[in-house]
Structures are given as C-alpha cells and as structure tokens.
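Please read the structure below before turning to the comments.
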2 protein chains.
Amino acid sequence: MTARLSEDEIIATCFAPLAGPGGLRLLDDAALISPPEGADLVLTTDALVAGVHFFADDPPEAIAAKALRVNLSDLAAKGADPAGFLLTLALPPDWRSDWLADFARGLGEDAGRYACPLLGGDTVRTPGPLSLSITAFGTVPRGSMVKRTGVRPDDVIYVSGTIGDAALGLQLRLGDAAWGGALPEEHCQFLRDRYLLPQPRLALRQVLRDHAHAGMDVSDGLVGDLTKMLRVSGVSAEIELARVPLSAAGAAARHIAASLFDTAVTGGDDYEVLLSVAPDGCRAFEAAAAAAGVPVTMIGAAGQGAGPVAFRGADGQPRMFAKGSFSHF
Amino acid sequence: MTARLSEDEIIATCFAPLAGPGGLRLLDDAALISPPEGADLVLTTDALVAGVHFFADDPPEAIAAKALRVNLSDLAAKGADPAGFLLTLALPPDWRSDWLADFARGLGEDAGRYACPLLGGDTVRTPGPLSLSITAFGTVPRGSMVKRTGVRPDDVIYVSGTIGDAALGLQLRLGDAAWGGALPEEHCQFLRDRYLLPQPRLALRQVLRDHAHAGMDVSDGLVGDLTKMLRVSGVSAEIELARVPLSAAGAAARHIAASLFDTAVTGGDDYEVLLSVAPDGCRAFEAAAAAAGVPVTMIGAAGQGAGPVAFRGADGQPRMFAKGSFSHF
C-alpha cells in the first residue's frame, strides 16, 4: 500500500522534475513563455475522461502519452513547433500514488521525446472518473499557422500515414471484433498499439508550413473530418476511397470483413494529417514529405467552388456514409 | 423540454459568438495569439468540479464567471494584461441546452467585461459531475512578470481588499453557520456574493509590475498562501494578524464569534492579491494603488533571511494555525 501524497507533494515529487524553464520549477501560480520575436503562438486543448476517451485500466504511462500526443498532433497539423504544455488532472477518490508516479514518468518521457516541457497546471479531486486535459503551445513564424479553413479551389488533398488502424484497434480492445480471431496476432498487436499510442506527425510541421494551404489532424474519422475541413473552407471536393491508405493490418482486416473499410474511414483516433496543396505544388510537397520520412497519399481534389464532398468507391459509384464521423460527445 | 445540441451546434450557437479574432470563429482545431513584440506570455489554468469547487445548482452564469475570474485573478497577481482564454467543458449525462446557453451568456459577459476573449476549447461528455477548466493567457513586457518567488529581505507585505469574506460566505451557503442568524441580512448577502463571484484585481496589474517584488493571489487562505510565498522566496516574515483587513460584514461576524477570525485567515477563495514591496517603495506603491482605486493594507514584513513566517495576535503573542490553508484537494 503506497501512502497518499498531498497536492504539494504531488507537484514537488511527480511533476516539478518535468518542468521546463518557463515552468518556474512549478513554484509559481503561473507559467511563462517568451515567444521568439515575430512568432505567433498556436494554442490547442484536449480533454480526456476515463471510460470515454481511454480505458481506466490502460497503463498510466500510455494514458499520459495519449493525452499529450493528441495535442501534439494538433500542433503538428498547424505546422507549429512545440513550446510546452499545461496539465489539468482531476483525480478520483481511489487514486494511488504509484499510479500517479507511473503517469508522471510516461508524461516526462514524452515531454522529452517531443521537446515539449511541462509548464504548469492544476490538480484537483473529483467524485467522478479520472479526467485530464492538456493545453499545448506551439510557435510558428507570424502568419504561417496552417489553418483548417484554407482549402482553395482545385487543391489536391492528401493524408499522411494510414487510416483506420486505431478504430480497428479499438474494436479489438473492446473484445467485440469477431474478425479479430482470423487476423494474425502481429496485425492485431499493431492495430491495438495504434489505438493506444498516437504518433503525432511533428516531422511534417515544416513541410506543412512550406507547402500546405490547409491542414487538420484526423481525430474524429477521415470522412467527417474531411467534410468539416471542406465545409469551413467553402469548397467542394471529390474523394476516391480506393486511394485511402490502409496499413497491411488494416488491409488484412478488410479482406476478412469488407465492412471494416467503413469503420476505417469513419472511426476516430487516427491522428494523421489531412491537408491540401496547390496542384502545381504537389511534386515539391511529396519530395519534402519523403525527405521528412512521412508517407503521404493523394486521396482526391477540391472542386471549383462551394459544394458537398463526393466520395466515390472503387467502382466509381458515389458512396454515402450514414455516420460520417465518430463522436466521443 | 429543450432539444439537446450536438457538439458542433454547441460550438456554433453558444461559443462561437464569444470568440475573439484569435479564436478564428472556432472553425479551426487550434487558436492563435500574436503577442506584442517584446512581450512574455503568462499562462495559468484552473479546474473546477461541481460539488468540489462550486455547487451544481449555482446559477450557470455565476459558475462561468467564477471559472474565468479565478484565472483572471492569477493573471492580475502576475501583473499581466488578459489576452484570451481556452475553455474545456465536461458535461454530465443530464446536461441541458438552456443551462449551457445561460453558462455561455455569463461567460461572454465576463469575457467582455475583462477584455479577455474566448479563443477555443474542447467539449466532452463525462459520466461524472460537470467539470470545467479554463486556461487564461496574459501578456507582460518581457521579464516583468511578478513572481511568487520574488520576496526580498525586509520587504513590506501587503494584501488587497478584505480577507475572509468568501470563507464566511461559504459557511452561510452551506447553511451550517449558527452565527448567520445573528448577522444582518445585508452582511450575509455581501459574504455570500463574495463567495459566489470573485472580483479579480486586474486594476492592480500595472501597479504590481511597477512596484511589487513578488505577488500571488490568495485562493487557498491567507495564512497558507503567505507561508507558501515566503517559503519559495526563501525569507522569513512577521505578520501582525490585527492588521489583516476585514470587511464590515467580516468584522461583524467576528464580533459574534471570535473563532471566525481563524476561518477568515485560513479559508479560501479570497482572490485578493498578496504582494511584497521594498521598504522605500511603500509610499509610491500606496499612492499608485489608491490611484487605481484598490484598497491595500500593510500586514507585516519579511525578515533578514531564511526562516518561518511568524504570526502575531493583537496581544503580541505568537499564533499557530493547525491547518494553515484550505485545500480543495
């Protein structure tokens, strides 16, 4: 049985060692960022609730890593360099000090890995489930944040990595995936890992600043997020579903059950980047993405003006999705 | 019965009208701050849970206002000019659209009142109680944030406004204050209001930047917060409790039950500013505070070096506090 720590002890023992210079050793009630001259600050925040956004019995290190990475994924899609983050943690009545120590260790490892130090936060108790929210800060040269509203007519639309792995991994994690038994274990493991641990595409951030007209991260499903990005940009688009990149594991799952393709393109938690590029900029963009080591795939193109997003299947026929996106809400 | 809104509808109808320019009409997944050249950004975050930090049946406008104001109080104590905030809202299963509309209206009124626009946020659902956290941003000329660690030997220690009103108001709100019956109703109302609606001391921010060596807001009780500020500054202090400023209502309550003085100086939620000033800077500081319209009271002085904080009663005798500060944790 581990003794329970007070709030001050939690801060001093678990979190102060993670603090960057702007965190002022967590001795202050505020944190400080001195942005480079001529920089804009990009702000993003995501909240996660046990039982809604993650499983309460997930490893604490993985919960911490996911909370930070979903925010880093937003920064990546905006072309921003990480500068630090604030953590708000609401602990339920049965919280344990060793759980918290593991959580802080996982958070510290990722803060180091992504050069995004802890700057401060707040720890409270809740009679409800464990909840946390992270607010992350990034910097971009003034005026260069990649916006969701920036798709222009005739832009070519790309997505990074592979789509649907996390949604399939979640089905496996929930244990209600009959198809899981037919899939080789290494594929199952890959899909489960993709659900548990997002890989923010920070390697793309400079490439996005240099080449993308618009960008967002895919967190609520490709179909819904694409629809949202084009709606707020005010342009139509045509998407070829056959081009949507699947992993080897995702392709194998679809081979077992064709309906899993819909799960893949409407499920959430991809944390890949969706973006648009001018038609005459594609070659340079693809070369830059390759140099950054991130696979990108052209999946369609924007139209000439306002209008809906048309999805076409491999047979060339239009496809409709009853539920375009996953909603945690 | 009001129809329930989707997350996108909540954002569009309740929160988008509150968004400042950096909020990008809440159409993006990130927000933007373009800090003035040569500015530092001050960051602070506070989480509030229904049943822990406020009453679930408090007016929604007041819950919103409190959530924003506790953060503005932090900015004020750091000498920062408000620049905007992010809101994270976790809604319980029984949330109602009309509750949310009232909440958003209260938030918008305060965002306008304090020139601190909404920049973005995240809305999720929770099986637990309503929870919210606000991260607020302020700016200061580079290097001029007023730190908690800045008390110097021989500094004079001041506090703004009056102490203990909110702690007494909370007792009245809980209905377990036998002394409440002996207190005139206008005093009771004043104390309850001081609990419900903090008044962030933003009028002091320039004064603090110009005159204070150290500052923090009093949120967890004067005795505990003073002890914390002096400990992290590494200096001792002597505090004369007879000097601690009470409101007319607070003084009347203490007259009914002398033990309420301890409640006043150890209770939380004051949201006044505690600060230190060089001995030869007191006259200028007091004049500047008066010009800003904020009452300030000298309550003691720092010693020559490291050591504890000594509290002395009106009789000159040392006073110890079993529980120096209120902890929500």
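Table for the structure above
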{"quantity": "Meets criteria (open to solvent by 50 Å² or more (accessible area, probe 1.4 Å), hydrophobic (A, V, I, L, M, F, W, C) and within 13 Å of the chain's Cα centre (by Cα)) for residue B:197", "calculated": "yes"}
{"quantity": "Subset tally (residues that are part of a helix (DSSP H, G or I) and buried (at least 19 other Cβ atoms within 10 Å of the Cβ)) for region B:263-285", "calculated": "5"}
{"quantity": "Unmet criterion (only one of (1) open to solvent by 40 Å² or more (accessible area, probe 1.4 Å); (2) more than 15 Å from residue A:162 (Cβ to Cβ)) for residue A:311", "calculated": "(1)"}
{"quantity": "Residue in region B:3-38 that is surrounded by the fewest Cβ atoms within 10 Å (Cβ to Cβ), counting only those that are at the interface with chain A (Cβ under 8 Å from one of its Cβ atoms) and of a type in the set (S, T, N, Q)", "calculated": "B:6"}
{"quantity": "Residue check, residue B:148 open to solvent by 10 Å² or more (accessible area, probe 1.4 Å), under 23 Å from residue A:88 (Cβ atoms) and either out of contact with any Asp or Glu (no Cβ under 6 Å at 6 or more places or on another chain) or of a type in the set (Lys, Arg) (or both)", "calculated": "yes"}
{"quantity": "Tally of residues being open to solvent by 30 Å² or more (accessible area, probe 1.4 Å) and either among the hydroxyl-bearing types (Ser, Thr, Tyr) or within 12 Å of chain A (Cβ to nearest Cβ) (or both) across region B:39-66", "calculated": "3"}
{"quantity": "Hits in region A:140-176 (condition: part of a loop (DSSP other than H, G, I, E, B) and either more than 14 Å from chain B (Cβ to nearest Cβ) or of a type in the set (Ser, Thr, Tyr) (or both))", "calculated": "A:144, A:149, A:152, A:153, A:154, A:155, A:161, A:162, A:163, A:164, A:175, A:176"}
{"quantity": "All positions within region A:225-255 that are small (Gly, Ala, Ser), closer than 14 Å to residue A:148 by Cα and either away from every other protein chain (no Cβ under 14 Å) or surrounded by fewer than 23 Cβ atoms within 10 Å (Cβ to Cβ) (or both)", "calculated": "A:234"}
{"quantity": "Test set (1) among the small types (Gly, Ala, Ser); (2) at pLDDT below 95; (3) closer than 22 Å to residue B:66 by Cα; (4) open to solvent by less than 30 Å² (accessible area, probe 1.4 Å) - residue B:180 fails condition number", "calculated": "(3)"}
{"quantity": "All positions within region B:107-159 that are more than 23 Å from residue B:294 (Cβ to Cβ) and of a type in the set (Asp, Glu)", "calculated": "B:122, B:154"}
{"quantity": "Qualifying residue in region A:77-100 (condition: within 23 Å of residue A:276 (Cβ to Cβ), out of contact with any His (no Cβ under 8 Å at 6 or more places or on another chain) and more than 11 Å from every other protein chain (Cβ to nearest Cβ))", "calculated": "yes"}
{"quantity": "Any hit, region A:130-140, residues being closer than 22 Å to residue A:61 by Cα, open to solvent by 20 Å² or more (accessible area, probe 1.4 Å), in contact with a strand residue (DSSP E or B) (Cβ under 9 Å, 6 or more places away or on another chain) and not aliphatic (A, V, I, L, M)", "calculated": "yes"}
{"quantity": "Given (1) in a helix (DSSP H, G or I); (2) over 29 Å from residue A:114 (Cβ atoms), number of the condition residue A:226 does not satisfy", "calculated": "(2)"}
{"quantity": "Residue count, region A:95-125 (criterion: within 24 Å of the chain's Cα centre (by Cα), touching a residue at least 60 places away in the same chain (Cβ under 8 Å) and open to solvent by 20 Å² or more (accessible area, probe 1.4 Å))", "calculated": "4"}
{"quantity": "Long-range neighbours under 9 Å by Cβ, at least six apart or interchain, first residue touching a residue at least 24 places away in the same chain (Cβ under 8 Å) and on the phi < 0 side of the Ramachandran plot within region B:195-218, second in a strand (DSSP E or B) and of a type in the set (Ser, Thr, Tyr)", "calculated": "B:201/B:160; B:204/B:160; B:212/B:158; B:212/B:276; B:213/B:276; B:214/B:276; B:215/B:276; B:218/B:160"}
{"quantity": "Residue under evaluation residue A:192, criteria (1) in contact with a helix residue (DSSP H, G or I) (Cβ under 7 Å, 6 or more places away or on another chain); (2) open to solvent by 20 Å² or more (accessible area, probe 1.4 Å); (3) touching a residue at least 40 places away in the same chain (Cβ under 8 Å), criterion not met", "calculated": "(3)"}
{"quantity": "Residue within region A:154-163 that is open to solvent by 20 Å² or more (accessible area, probe 1.4 Å) and over 29 Å from residue B:124 (Cα atoms) present", "calculated": "yes"}
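The values are calculated or read from the model by the stated rules, or taken from the named source; none is laboratory data. Because the structure is predicted, anything quoted here is derived from the model rather than measured. Neighbour counts are summed over all protein chains in view; Cβ atoms, including those assigned to glycine, are modelled from backbone coordinates with ideal geometry. With ligands, DNA and RNA removed, areas are computed over all heavy atoms of the protein, side chains included. Shrake-Rupley method; radii C 1.70, N 1.55, O 1.52, S 1.80 Å.
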